[in-house]
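Comments concern the structure below.
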Amino acid sequence: VEAASLADLPEGAGRRALSGWLEAFGDRGLGEVEAMCPRFGEDPRPVFRMLRAGLVAAPGDPELVLSRVRVAADQELATIESRAGVLEMALIRALVGRARSLSRLRERMRVWMARTIAMTRSVTLDVDRRLRRLDAELSPGGAFYLSHQELLSATGRTRADLGPMVRMRIAAHRRGLEHADPPDTFIGTPPRVAPLPFDSRRSTGARASGGVVTGRVRLVDAEARGAERVEPGDVVVVRTPDVGLAPLFFWSAAMVADVGSSLSHAAVMAREIGMPAVFGVLGASTTLRDGERVRVDGDRGEVERLDA
């Protein structure tokens, strides 16, 4: 039975450790840059799903994984140094050092942005409760469809009837979800339906992280459903390469995503631990079948279906 909260877990060291983790990182979550998405502190079920996958995986040392990647990076730099001149090598080292410092700064900014959005979410949820007290027929979360000024109006002395506007925007949002994502590039108006890949055996995307592996497809949705079935050697296939799925990176063989680029947070993390990844493979999460075998080539940015 899936646990829905900490209260559903048995007393013990595991529950205390998880409670401490949620207290420290509960303002993070899946889709954390979207205020409408719950945080781990509100809904820890995605964390529980990833934990179940980790408990059935073979014991591993994350620090050992990171050290191997650092050694491989040093070897690559030594190979370049043997071919480059003194001036070129000085420039390369300066650029690498700059990239490292900027990457750390970028991740710090991501943390503070997530915390700010979490605080905004708390305020919006409070407004949402007030709106539903005035209009009991409104569905939970309607306040997220309001603008800043409309939220202020909802908490003011003279409160406007925002129910019809919320319903109209929810309906428009649902209609938008029925349309396929537009292609990365287009001229004029994007086509209504973008062709799916994998009409053939091979498709290409962005080279997010290098390496070549073969494994079974494991589909994981936006709420981490499917994560509990991920086993070592599986290829995790998602629509969006969410950095909140990071625990899966340490025992997955590779990751494939419909969207994303080599500069995304998840791509940086995949490279840090040496996990091959190909992002921007349109339709991968809706075309690939759970359990089928694929070959992921992060060096070329290719995904090949072996059972097709």
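The values are calculated or read from the model by the stated rules, or taken from the named source; none is laboratory data. All values reported here derive from a predicted model rather than from experimental measurement. Cβ atoms come from the backbone with ideal geometry, glycine included; neighbour counts cover every protein chain shown. With ligands, DNA and RNA removed, areas are computed over all heavy atoms of the protein, side chains included. Shrake-Rupley method; radii C 1.70, N 1.55, O 1.52, S 1.80 Å.
Counting just the residues of the stretch 1-23 that are part of a loop (DSSP other than H, G, I, E, B) and among the charged types (D, E, K, R), which one comes out least open to solvent (accessible area, probe 1.4 Å)?
Among those that are part of a loop (DSSP other than H, G, I, E, B) and among the charged types (D, E, K, R), it is GLU2.
Inside the stretch 102-157, can you point out the residues that are closer than 26 Å to SER264 by Cβ and of a type in the set (Lys, Arg)?
ARG104, ARG106, ARG108, ARG110, ARG115, ARG121
May I ask you to list pairs of residues, at least six apart or on different chains, whose Cβ atoms are under 6 Å apart, with the first in the stretch 130-143 being closer than 11 Å to GLY163 by Cβ and the second being hydrophobic (A, V, I, L, M, F, W, C) and open to solvent by 100 Å² or more (accessible area, probe 1.4 Å)?
Partner pairs satisfying both residue conditions: none exist.
Name, by its number, the condition in (1) surrounded by fewer than 16 Cβ atoms within 10 Å (Cβ to Cβ); (2) assigned to a helix (DSSP H, G or I) that does not hold for ALA114.
(1)
Restricting attention to the stretch 64-87, does a residue exist that is open to solvent by 80 Å² or more (accessible area, probe 1.4 Å) and either in contact (Cβ under 8 Å) with a residue 12 or more places away in the chain or closer than 25 Å to PHE144 by Cα (or both)?
Yes.
Can you tell me which of (1) open to solvent by less than 90 Å² (accessible area, probe 1.4 Å); (2) out of contact with any Pro (no Cβ under 9 Å at 6 or more places or on another chain) is the one LEU51 doesn't meet?
Unmet for LEU51, out of (1) open to solvent by less than 90 Å² (accessible area, probe 1.4 Å); (2) out of contact with any Pro (no Cβ under 9 Å at 6 or more places or on another chain): (2).
Residue by residue through the stretch 247-302, note down the ones that are of a type in the set (A, V, I, L, M, F, W, C) and open to solvent by 10 Å² or more (accessible area, probe 1.4 Å).
PHE250, TRP251, ALA253, VAL259, LEU263, VAL268, MET269, ILE273, LEU282
Output the residue which, of all residues in the stretch 122-147 that are modelled with pLDDT of 85 or more and acidic (Asp, Glu), is surrounded by the fewest Cβ atoms within 10 Å (Cβ to Cβ).
GLU137
Whether any residue in the stretch 97-104 is at pLDDT 90 or above, open to solvent by 40 Å² or more (accessible area, probe 1.4 Å) and either β-branched (Val, Ile, Thr) or in a helix (DSSP H, G or I) (or both) is what I want to check.
yes
Being farther than 20 Å from MET109 by Cα, open to solvent by 60 Å² or more (accessible area, probe 1.4 Å) and not in a loop (DSSP other than H, G, I, E, B) is the filter here; which residues of the stretch 24-48 pass it?
Correct list: ARG45 only.
Please find, within the stretch 160-216, the residue that is nearest to THR240 (Cα to Cα) out of those that are among the hydroxyl-bearing types (Ser, Thr, Tyr) and at pLDDT below 85.
Per the stated criteria, the residue is THR185.
Name the residue, out of SER147, SER139, that is farther than 18 Å from CYS37 by Cβ and among the hydroxyl-bearing types (Ser, Thr, Tyr).
Going through SER147, SER139 in turn, just one is farther than 18 Å from CYS37 by Cβ and among the hydroxyl-bearing types (Ser, Thr, Tyr): SER147.
With the condition being closer than 26 Å to ARG70 by Cβ and touching a residue at least 60 places away in the same chain (Cβ under 8 Å), I'd like the helices (runs of 4 or more DSSP H) fully within the stretch 187-299 carrying at least 2 qualifying residues.
Result: 246-249, 265-273.
Residues that are in contact (Cβ under 8 Å) with a residue 60 or more places away in the chain and touching a Phe, Trp or Tyr at 6+ places or on another chain (Cβ under 9 Å): does the stretch 5-15 have at least one?
Here is the first cut: in the stretch 5-15, the residues in contact (Cβ under 8 Å) with a residue 60 or more places away in the chain are none.
Looking for residues that are in contact (Cβ under 8 Å) with a residue 60 or more places away in the chain and touching a Phe, Trp or Tyr at 6+ places or on another chain (Cβ under 9 Å), one finds none in the stretch 5-15, hence no.
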